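What follows is a short report on a single structure.
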Amino acid sequence: MLGYRLEPRNGVVILTPRGRLDASDFASLALTVDPWIEDHGKLRGILIDAKSLPRWDDVDAMLAHLRFVRSHHRAVDRVAIVTDLPLLEGLPTIARLFTGADVRRFAQRKRRAALAWLARGSH
């Protein structure tokens, strides 16, 4: 399941992946972020709050995730990955291969700093 919340006052989306991600998670997320992007041009940022290792439910979910990234990566200034999981420490390096956004990892205790960094955007 992919929980998400758009903070309209600063153009930041907070993602909370928990357990298995389904293809419908990304379709639902697009229904929320696409109107914002259409009205404002870009999101300032996406915060991925990864307290556990997210997994795709199946190949359709993985493909939906990749399609979402491909169709939205130019519309996001920054991505903050908030996690204490050692396995995800290298995720910013991998994510940079798929996006032009500035991608950084923050420890869970630095979540508020991550939100502040995102809200500033790249402008």
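The values are calculated or read from the model by the stated rules, or taken from the named source; none is laboratory data. Here the structure is a predicted model, which means the values were calculated and not measured. With ideal geometry, Cβ positions are generated from the backbone for all residues, glycine too; neighbour counts draw on all protein chains shown.
List, please: which pairs have Cβ atoms under 6 Å, are six or more places apart or on different chains, and start with a residue in the stretch 100-119 that is hydroxyl-bearing (Ser, Thr, Tyr) and end with one that is at pLDDT 95 or above and not in a helix (DSSP H, G or I)?
Close Cβ pairs satisfying both conditions: none exist.
Could you run through the stretch 78-118 and say how many residues are of a type outside the set (A, V, I, L, M), more than 15 Å from the chain's Cα centre (by Cα) and assigned to a helix (DSSP H, G or I)?
Qualifying residue count for the region: 5.
I need the full set of residues from the stretch 78-123 which are aromatic (Phe, Trp, Tyr), within 10 Å of Gly45 (Cβ to Cβ) and surrounded by fewer than 16 Cβ atoms within 10 Å (Cβ to Cβ), in order please.
Just the residues of the stretch 78-123 that are aromatic (Phe, Trp, Tyr), to begin with: 98, 106, 117.
Cutting the leftovers down to within 10 Å of Gly45 (Cβ to Cβ) gives us 117.
Listed by number, the list is empty, since nothing qualifies.
Would a scan of the stretch 75-87 turn up a residue that is under 15 Å from Gly100 (Cα atoms), among the acidic types (Asp, Glu) and in contact (Cβ under 8 Å) with a residue 24 or more places away in the chain?
Yes: one or more hits.
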